[in-house]
1. Please verify whether the range B:2-19 includes one or more residues that are surrounded by 14 or more Cβ atoms within 10 Å (Cβ to Cβ), more than 13 Å from chain A (Cβ to nearest Cβ) and either farther than 28 Å from B:PHE175 by Cα or in contact (Cβ under 8 Å) with a residue 12 or more places away in the chain (or both).
2. Examine the range B:110-120 for a residue that is of a type in the set (Asp, Glu), modelled with pLDDT of 95 or more and under 25 Å from B:ASN81 (Cα atoms), and state whether such a residue exists.
3. Just a yes or no: is a residue in the range A:152-163 surrounded by 15 or more Cβ atoms within 10 Å (Cβ to Cβ), farther than 23 Å from B:ASN99 by Cβ, touching a strand residue (DSSP E or B) at 6+ places or on another chain (Cβ under 9 Å) and within 14 Å of chain B (Cβ to nearest Cβ)?
4. When A:LYS2 is evaluated against the numbered criteria (1) at pLDDT 85 or above; (2) in a loop (DSSP other than H, G, I, E, B), which criterion, by number, is the only one it fails?
5. Just checking, how many residues over the range A:164-188 are surrounded by fewer than 19 Cβ atoms within 10 Å (Cβ to Cβ), within 7 Å of chain B (Cβ to nearest Cβ) and in contact with a strand residue (DSSP E or B) (Cβ under 6 Å, 6 or more places away or on another chain)?
6. Out of the range A:81-119, which residues are without any contact (Cβ under 8 Å) to a residue 40 or more places away in the chain, hydrophobic (A, V, I, L, M, F, W, C) and part of a loop (DSSP other than H, G, I, E, B)?
7. Has the range B:73-94 got at least one residue that is touching a Leu at 6+ places or on another chain (Cβ under 9 Å) and farther than 24 Å from B:VAL186 by Cα?
8. So A:ILE31 fits all but one of (1) surrounded by fewer than 16 Cβ atoms within 10 Å (Cβ to Cβ); (2) at pLDDT 90 or above; (3) among the aliphatic types (A, V, I, L, M); what number is the exception?
There are 2 protein chains.
Amino acid sequence: MKKTISQATIDRLPLYFRTLRLMESEENKIISSDELGRKLDITPEQIRKDLATFGQFGKKGIGYDVHELKEQIGNILGLQNHWRLAIVGVGHLGGALANYTNFSSLGFSVVALFDKNSSVIGSAINGIKVNNVIEMNAVIAEAAVDIGVITVPAGEAQDVADLLVAAGVKGIWNFAPIKLSVPPEVSLFNEDLSIGLSALSYQMSQ
Amino acid sequence: MKKTISQATIDRLPLYFRTLRLMESEENKIISSDELGRKLDITPEQIRKDLATFGQFGKKGIGYDVHELKEQIGNILGLQNHWRLAIVGVGHLGGALANYTNFSSLGFSVVALFDKNSSVIGSAINGIKVNNVIEMNAVIAEAAVDIGVITVPAGEAQDVADLLVAAGVKGIWNFAPIKLSVPPEVSLFNEDLSIGLSALSYQMSQ
């Protein structure tokens, strides 16, 4: 069964997942949509609507089974794959992502780093060695990388994307402000940090 | 006239704005929703629906006036305010944001940096001096900061938010993975970099 799920719903699922995992670790068995909503500043109606997209999880008047719902949301998001990431370009942003601990809380791990700058090649960030981009094929195969993260300048991003695709990654998370071309079998997500800032600007202008 | 606009629509407006600004710089006068859609991988129907939320911009069969539409979207997003940012916590992520050039393309500028670590206080990033957090009140007033950006560890984020609010910022952009309390007159946007990654995971799992 495949359904089209709105991007806004998909965006909320990691929030649900993280809250449920925390609740599970605190040995809570059941949570109501009211309680989940209070923790996340989302209306209970919205939560029930989001979760109903995927099937019948909760019991009316009782609530959701914390463990079961967490597992189901994790599976919907594909987190059970424990995706392995390689970051290409360990400047400020790449370095920040290599150190960003929220990823591991969702099952992602950074397993390889690349740069073309000889001053950083051979150094390590968070215990992970920075490799030369020319070694990409071998390193990505050996480290079983699933996702390539592009944090190089816009002018270099398409070349890096081509290298990542040739090396066999299944997905690309692009931070460079440019539209990339990748084959249809490779998933692509374009990140833009100024979108959050624009949303804040909008809110401040109301 | 105030209308409730969906978050998804607000998220697309900066993309429209940036594309229109680029087109204006290339001296294009008119753009159709088809052409804008092709550039952004968004359906023309979606674009027409988004823009119709704000009023009547385009002319049927002709298209949108590039300059006029860009100005209107900028005004809706509040970009004409040219918001001034202060980043608190210049570790990896704070340093990356201080160097992130996409902000300036939307009219935002980073005007102040803060840290509590004496090893970085007094240094400069991108020509901006890193101040001691204890000087926050004076520096924020002098630099006319509108938005505080929190890139400190979760355990310190609420204290920093309180300091920023006391110093008079109108908005907070929070990267710490924690729910902050701020007075209702202060706008708050919680950023979570793993949401984009989760969306990619979802896409790769289909």
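The values are calculated or read from the model by the stated rules, or taken from the named source; none is laboratory data. In this text, all values refer to a predicted model and were calculated from it rather than measured experimentally. Note that each Cβ is placed from the backbone with ideal geometry, even for glycine, and that neighbours are counted across all protein chains shown.
1. no
2. The answer is no; no qualifying residue exists.
3. Scanning the range A:152-163, I find no residue that is surrounded by 15 or more Cβ atoms within 10 Å (Cβ to Cβ), farther than 23 Å from B:ASN99 by Cβ, touching a strand residue (DSSP E or B) at 6+ places or on another chain (Cβ under 9 Å) and within 14 Å of chain B (Cβ to nearest Cβ), so the answer is no.
4. For A:LYS2, the failing item is (1).
5. Total satisfying the criteria: 0.
6. Scanning the range A:81-119 gives A:PHE103, A:PHE108.
7. Checked the range B:73-94: at least one residue is touching a Leu at 6+ places or on another chain (Cβ under 9 Å) and farther than 24 Å from B:VAL186 by Cα.
8. With (1) surrounded by fewer than 16 Cβ atoms within 10 Å (Cβ to Cβ); (2) at pLDDT 90 or above; (3) among the aliphatic types (A, V, I, L, M) applied to A:ILE31, the lone miss is (1).
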